[in-house]
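Novice: This is the structure I have questions about; it appears just below.
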């Protein structure tokens, strides 16, 4: 039992470290890297975030729903530009997710 808790804590810490590492990689790639490096960093970030969520009790389905809900909130708040994401990009994102049943 204690071993399982310790393993889970270690995994959570590795995931948190991985998220920071891939954010740093993304910044490096955005500055001087090829598109392949940007793609890799973004892909890794998404995977790490989903697995971290799973390890702390947030299911993939619930996380997907949270992403969709947040995008819809961004869309509603587009007039205030509080988040800085153009509404066209948010709409494109939501349409993509809807067409792929995510």
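The values are calculated or read from the model by the stated rules, or taken from the named source; none is laboratory data. What you see is a predicted model, and the numbers here were worked out from it, not measured in a lab. Note that each Cβ is placed from the backbone with ideal geometry, even for glycine, and that neighbours are counted across all protein chains shown.
Novice: Within the range 1-81, which helices (runs of 4 or more DSSP H) (wholly inside it) include 3 or more residues that are under 19 Å from residue 93 (Cβ atoms)?
Specialist: Where helices (runs of 4 or more DSSP H) fall fully within the range 1-81 and carry at least 3 residues being under 19 Å from residue 93 (Cβ atoms), they are 35-55, 60-76.
Novice: Failed condition for residue 81, given (1) more than 14 Å from the chain's Cα centre (by Cα); (2) in the same structural domain as residue 99 (by TED's automatic domain parsing); (3) modelled with pLDDT of 95 or more, with all others met?
Specialist: (3)
Novice: Residues being more than 22 Å from residue 11 (Cβ to Cβ) and in contact with a helix residue (DSSP H, G or I) (Cβ under 7 Å, 6 or more places away or on another chain): count how many of those fall in the range 27-41.
Specialist: 4
Novice: Scan the range 63-78 for residues that are free of Cβ contacts under 8 Å to residues at least 24 places away in the same chain and either farther than 30 Å from residue 9 by Cα or assigned by TED's automatic domain parsing to the domain that holds residue 25 (or both) and report the count.
Specialist: 7
Novice: Taking the range 1-57 as the search range and keeping residues that are farther than 19 Å from residue 67 by Cβ and touching a residue at least 40 places away in the same chain (Cβ under 8 Å), which one is nearest to the chain's Cα centre (by Cα)?
Specialist: 12
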